[in-house]
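One structure is given below, encoded as C-alpha cells.
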Amino acid sequence: MPKIFFICVFFSFIFFFCENVSKNDFSKNNVSKNDFFTENKIIENKIIEKVQIDTTIIDSLFEKIACKNIKNYINKNTKDTFFNAKKNPKIPFKIVCFGNSITRGFKVGSYQAVEKPYPKILLNLLKKDISQIEVLNEGHNGWRTDHALNNIQTKVLDKNPQIVLLEFGINDAYSNFSLALFEKNILNILKILQQKNIIPVLLTPTPITSKFKEQVEKYCEVLQKISKEQDISLINLQKEITQKAINEKISKKKLLPDDVHFGDEFYAWIGESVFLMVNDKY
C-alpha cells in the first residue's frame, strides 16, 4: 500500500512539473495558447490567399493577352484635334461615345447603369485641360453595328461632335454576324462620319470570356485592317484591359462577373485608356 501511494505521488509530481514548464514556455514568449493558434491561423490563411491569387492570374483569360499584336494607333487628325482643343480650351469641344452596353456602363444584376461609366471618367479627365467640353454617352444595351447605322443621324450627327468613339462588336458576335458583315457596317459608319468631317476613333470590343470570345477577337483583327487601310485611329481595349487586370491581379470573375460586362469599378479603365492614348501619355 505505501508503494502504491508513493508511485501515485511521484507521477502527480511529474505531471505538475511538465504542465508548468509548458505554461512557462508560452509566457516567456509573451504569447497565450489562444494567441499562438490565432497567429498560426492567420499565416495559414495568407498562404491560402496567395495560392488563390496565383491561380486566378494564370486562368484562361490572362494566359494569353487577346489581340496582343494589334497596336494602338492615333492618327494625325485625331492628335491635332485634341491638341487644338487643349490650346483653345474655351472653344466648345464635343465627343460622342457611341456603342453598346459597355459604353453605357451596364450594371451587372440590373438594367441600370453604373455611377461612373467610361464616358463620365473620360470627361472628368479631359476637362482638366479643356473647360468647354462635352462627352456624351450614346451607349445602348444590345446594340450591334446595324443598330448604329440605323440610328446614327439622331444619336450622333444631330449632336455635331468633333470626335466619335466607336465601340461595337460583342452583340454582333452574339448575333453571329460574319466578319464580312461586321466590316461592311463599320465601313459604312465611318463613311457617314467622314462625310460630315467628324473624326472617328475605333475601339476594339472589350474582353469577354463566353463562347463568343474567339469571334470577338476576330472582329479586332477586322478593325486593325480598317485602321491601317483608311488611316483611322484605333485603341486596342482587348489588350489594354487584359494587361491591366494582370498587373493589378484582378481575376476574370471579378473583372467580368457575367462573362461580358465589367464589375462597377472597372468601366473606368476604358476611360483612362482612351485618355492616355489621345494625350500621348503612353
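Where a number appears in this text, it was derived from the coordinates with a stated rule and is not lab data. Given the structure is predicted, the values throughout are model-derived calculations rather than measurements. Don't worry about glycine lacking a Cβ; one is built from the backbone with ideal geometry, like all the others, and counts go over all protein chains shown.
Quick notes on this one:
- Here V222, V156 are placed in order of increasing Cβ neighbour count within 10 Å, fewest first, which gives V222, V156.
- Extension gain, S175 back to K218 (0.36 nm per residue minus Cα-Cα distance, nm): 14.0 nm
- For the stretch 143-282, the Rg and Dmax computed from alpha carbons only, in angstrom: 15.1, 44
- Label-to-label distance, nm, for residues given as N124 and Q195 (7 Å Cα→Cβ offset): 3.9 nm
- Taking 20 Å as the limit for the C-alpha separation, the pairs K107/K253; K184/K228; K128/K196; K71/K211; K155/K225; K86/K120 exceed it in the case of K128/K196; K71/K211; K155/K225.
- Residues listed by number, the stretch 250-282, amide nitrogen under 13 Å from Q112 label point at 7 Å toward C-beta: 264
- Chain lengthening between E265 and K90 when straightened (0.36 nm per residue, less Cα-Cα): 59.9 nm
- Charge tally in the Cβ shell below 15 Å around P92, where Lys, Arg are +1 and Asp, Glu are -1, P92 excluded: +4
- Cross-link pairs K79/K254; K159/K254; K213/K254 - those with Cα-Cα distance over 29 Å: K79/K254; K159/K254
- Rel. contact order, % - alpha carbon contacts under 8 angstrom, at least six apart, the stretch 122-237: 25 percent
- Annotation for the stretch 203-274: GluC sites (Glu not before Pro) lying in DSSP loop with at most 14 further Cβ atoms inside 10 Å of their Cβ are E248.
- Per-residue Cβ neighbour rank within 10 angstrom, fewest leading, I133, I270: I133, I270
- The stretch 143-172 and the stretch 225-282 have their alpha-carbon centroids 19 Å apart.
- Linear extension gain, N77 paired with L187, 0.36 nm per residue minus alpha-carbon span: 37.8 nm
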